[in-house]
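Structure first, then comments.
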Amino acid sequence: MKMKKFIAVLAAASMVAAMAAGCGSNEDTSAAGDAAATDEGSESGSWDAANAITVVSREEGSGTRGAFTELFEVVDEDDNDMTTLDAQVTNSTSVMMTTVSENEYAIGYISLGSLDESLVKAVKIDGAEATAENIENGSYKVSRPFNVAVKPDSDNAVAKDFMAFIMSTEGQQVVADEGYIPVAEVEAYAGEAPEGSCVVGGSSSVSPLMEKLIEAYKEVNPNASIELQTSDSTTGMTSAIEGSYDIGMASRELKDEEAAELEGTVIATDGIAVIINQNNPTDDLSADQVKSIYLGDVTTWDAI
């Protein structure tokens with residue numbers, strides 16, 4: 001009798017211990033799961049400098065890419081583009097901004113006049129903010145010209161009159177209003193408002209400014225029709241030489257072979273903004289650091 005009672009008590013104790021162990025196991029598993037979830041959330045929600053830098057560049061033929069690699073010396077001794085082969089390539093200013101805005105570890109570059117600070121952040125270069133004022137005073141040195149070019153023997157009356165408007169007081173006011181640096185010593189527009197049409201095409205960096213200039217020109221000459229085609233600087237110059245564009249656009253200096261065929265005019269000065277994701281805490285980079293990133297010598301943010 002005593003033995004049966006002892007066995008019953010032992011069995012009951014074993015069941016209680018098993019239940020306690022089960023509960024403890026569930027609590028431990030739950031806690032571990034909660035910790036893992038917290039860690040995962042922390043990892044996905046915080047910026048980690050140990051991550052690799054995603055280098056984003058423009059396509060070959062882009063005037064912005066050409067100016068960027070020249071200004072930051074991302075070239076070899078023969079001026080060949082040495083941008084890392086690991087770079088992601090985008091084909092327009094808008095795609096560049098979108099790409100960087102969607103990748104916390106990306107770095108890219110765009111026309112300063114096209115910068116949308118609601119999407120990306122422009123870093124200081126050598127302590128200077130990317131602003132038109134700092135370009136004018138010389139503290140922000142990453143700038144390039146916006147050129148338009150026509151064939152010297154062009155007889156398109158609308159193209160000639162539109163060029164006159166761009167280089168007038170009214171046209172250069174549009175340049176200033178859009179955040180670019182205007183050309184000095186210009187005079188009021190005194191065009192003849194001819195009828196007809198012309199095609200303007202080329203650099204996607206110049207294109208947003210050109211769109212505003214076309215809108216302003218139509219107010220003084222509603223008789224004209226101007227078609228704007230956006231491509232890249234090289235296409236802009238080549239197409240102007242071939243005659244498919246009446247006016248070509250380039251966000252860089254004209255190459256010698258282009259200048260031999262075309263008459264170039266600087267219509268504005270623009271900065272190049274080096275952009276990063278808004279979650280990236282980096283505020284300032286040196287020109288040498290940008291160069292090292294684009295050469296592929298520096299590959300993680302904590303190496304900056």
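Under 6 Å by Cβ, and 6 or more places apart or on different chains, what pairs join a residue from the range 71-88 that is under 20 Å from Ile125 (Cα atoms) with one that is polar (S, T, N, Q) and not in a loop (DSSP other than H, G, I, E, B)? Listed pairs, sorted by first residue: Val75/Thr69; Thr83/Ser57. Just one residue in the set Val220, Val174, Val186 is without any contact (Cβ under 8 Å) to a residue 24 or more places away in the chain and of a type outside the set (Ser, Thr, Tyr); that residue is Val186. For the range 31-43, check the following and say yes or no: at least one residue is out of contact with any Leu (no Cβ under 8 Å at 6 or more places or on another chain), surrounded by 10 or more Cβ atoms within 10 Å (Cβ to Cβ) and either in a loop (DSSP other than H, G, I, E, B) or modelled with pLDDT of 95 or more (or both). No, the range 31-43 contains no residue that is out of contact with any Leu (no Cβ under 8 Å at 6 or more places or on another chain), surrounded by 10 or more Cβ atoms within 10 Å (Cβ to Cβ) and either in a loop (DSSP other than H, G, I, E, B) or modelled with pLDDT of 95 or more (or both).
So, in the range 162-196, how many residues would count as being farther than 13 Å from Thr269 by Cα, among the β-branched types (Val, Ile, Thr) and outside any helix (DSSP H, G or I)? Qualifying residue count for the region: 1. Here the range 221-246 is the region considered, the condition is being out of contact with any helix residue (DSSP H, G or I) (no Cβ under 9 Å at 6 or more places or on another chain) and in a helix (DSSP H, G or I), and the residue that is surrounded by the fewest Cβ atoms within 10 Å (Cβ to Cβ) is Glu242. Residues that are outside any loop (DSSP other than H, G, I, E, B) and free of Cβ contacts under 8 Å to residues at least 60 places away in the same chain were ranked within the range 135-161; the one that is surrounded by the fewest Cβ atoms within 10 Å (Cβ to Cβ) is Asn137. Of all the listed residues (Val158, Val199, Val148), the sole one being farther than 26 Å from Gly61 by Cα and either hydroxyl-bearing (Ser, Thr, Tyr) or touching a strand residue (DSSP E or B) at 6+ places or on another chain (Cβ under 6 Å) (or both) is Val158. Taking the conditions (1) of a type in the set (Ser, Thr, Tyr); (2) surrounded by 19 or more Cβ atoms within 10 Å (Cβ to Cβ); (3) touching a strand residue (DSSP E or B) at 6+ places or on another chain (Cβ under 6 Å) in turn, Ser114 satisfies each one other than (3).
The values are calculated or read from the model by the stated rules, or taken from the named source; none is laboratory data. Remember, predicted model here, so these are calculated numbers, not experimental data. Note that each Cβ is placed from the backbone with ideal geometry, even for glycine, and that neighbours are counted across all protein chains shown.
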